[in-house]
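The structure appears right after this line, and notes come after that.
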């Protein structure tokens, strides 16, 4: 899979310091207790500068989540130098990605303190990071079609199916695990996820 080239600054040198500031504040107190005034002070910019780009904290946190989720997904991919067929590359990326997301400090904070922030992206609409990941997955699926390691099919539908599967593991895995039972541990479910993905994609 080709890494996502995500330039979070988008040509704006202010963006990364602001996103860093909101990340630090959210990790400290959660989204509901974060204000644009807090973020502006921490980032060293005026409050009106923030209001011109973000009408409220949730919009700003949305941009933060996009940056952080894309970076986590990219970091979870096997190195480009690894000589892996398409299916193996997809499976490794997704299994590693689930682990990376579940361990991500921002993701853990939001799930524990402000889980309602994630609901629109689960129930109503896709976010920018989901669309970026779908593009990446569809490209990887087509590469798997080309090298024969992924069964033929509609690449976009297959990509969306894969994302649905790994979203459920990312968001809901802790409701199913029992670390006192080796057969129901996180590691055991990770093995099941790998098997599920392999069998879903295999020709």
Any hit, segment 146-157, residues being without any contact (Cβ under 8 Å) to a residue 60 or more places away in the chain and either buried (at least 17 other Cβ atoms within 10 Å of the Cβ) or in contact with a strand residue (DSSP E or B) (Cβ under 6 Å, 6 or more places away or on another chain) (or both): yes
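Look at residue 163 and say whether it is surrounded by 14 or more Cβ atoms within 10 Å (Cβ to Cβ), in contact (Cβ under 8 Å) with a residue 40 or more places away in the chain and in a helix (DSSP H, G or I). Outline the logic, then answer.
Values: surrounded by 14 or more Cβ atoms within 10 Å (Cβ to Cβ): yes; in contact (Cβ under 8 Å) with a residue 40 or more places away in the chain: no; in a helix (DSSP H, G or I): yes.
Criteria not met by residue 163.
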Failed criterion for residue 174 (all others in (1) at pLDDT below 95; (2) surrounded by 16 or more Cβ atoms within 10 Å (Cβ to Cβ) hold): (2)
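Being modelled with pLDDT of 95 or more, over 24 Å from residue 26 (Cα atoms), within 15 Å of the chain's Cα centre (by Cα) and buried (at least 18 other Cβ atoms within 10 Å of the Cβ) is the requirement here; does residue 201 meet it? Can you show your working first?
Details: modelled with pLDDT of 95 or more: yes; over 24 Å from residue 26 (Cα atoms): yes; within 15 Å of the chain's Cα centre (by Cα): no; buried (at least 18 other Cβ atoms within 10 Å of the Cβ): yes.
No: the conditions fail for residue 201.
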Residue within segment 20-27 that is farther than 18 Å from residue 111 by Cβ, assigned to a loop (DSSP other than H, G, I, E, B) and at pLDDT 90 or above present: no
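Report whether or not residue 151 is part of a helix (DSSP H, G or I) and either at pLDDT 95 or above or within 24 Å of residue 20 (Cβ to Cβ) (or both).
On the way: part of a helix (DSSP H, G or I): no; either at pLDDT 95 or above or within 24 Å of residue 20 (Cβ to Cβ) (or both): yes.
Judged against the criteria, residue 151 is not a match.
Does residue 45 satisfy the condition of being in contact with a helix residue (DSSP H, G or I) (Cβ under 8 Å, 6 or more places away or on another chain) and touching a residue at least 40 places away in the same chain (Cβ under 8 Å)? I'd like the intermediate steps shown before the answer.
Values: in contact with a helix residue (DSSP H, G or I) (Cβ under 8 Å, 6 or more places away or on another chain): yes; touching a residue at least 40 places away in the same chain (Cβ under 8 Å): no.
No: the conditions fail for residue 45.
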Index of the failed condition, residue 130 passing every other in (1) within 30 Å of residue 33 (Cβ to Cβ); (2) in a loop (DSSP other than H, G, I, E, B): (2)
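Find the helices (runs of 4 or more DSSP H) located wholly in segment 46-121 whose residues include 1 or more that are within 17 Å of the chain's Cα centre (by Cα), modelled with pLDDT of 90 or more and surrounded by 18 or more Cβ atoms within 10 Å (Cβ to Cβ), and list them.
57-75, 86-103, 105-113
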Count of residues meeting criterion [within 26 Å of residue 113 (Cβ to Cβ), free of Cβ contacts under 8 Å to residues at least 40 places away in the same chain, in contact with a helix residue (DSSP H, G or I) (Cβ under 9 Å, 6 or more places away or on another chain) and surrounded by 12 or more Cβ atoms within 10 Å (Cβ to Cβ)] in segment 179-196: 2
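The values are calculated or read from the model by the stated rules, or taken from the named source; none is laboratory data. Because the structure is a prediction, the values reported are computed rather than measured. Backbone-built Cβ (ideal geometry, glycine too); neighbour counts: all protein chains shown.
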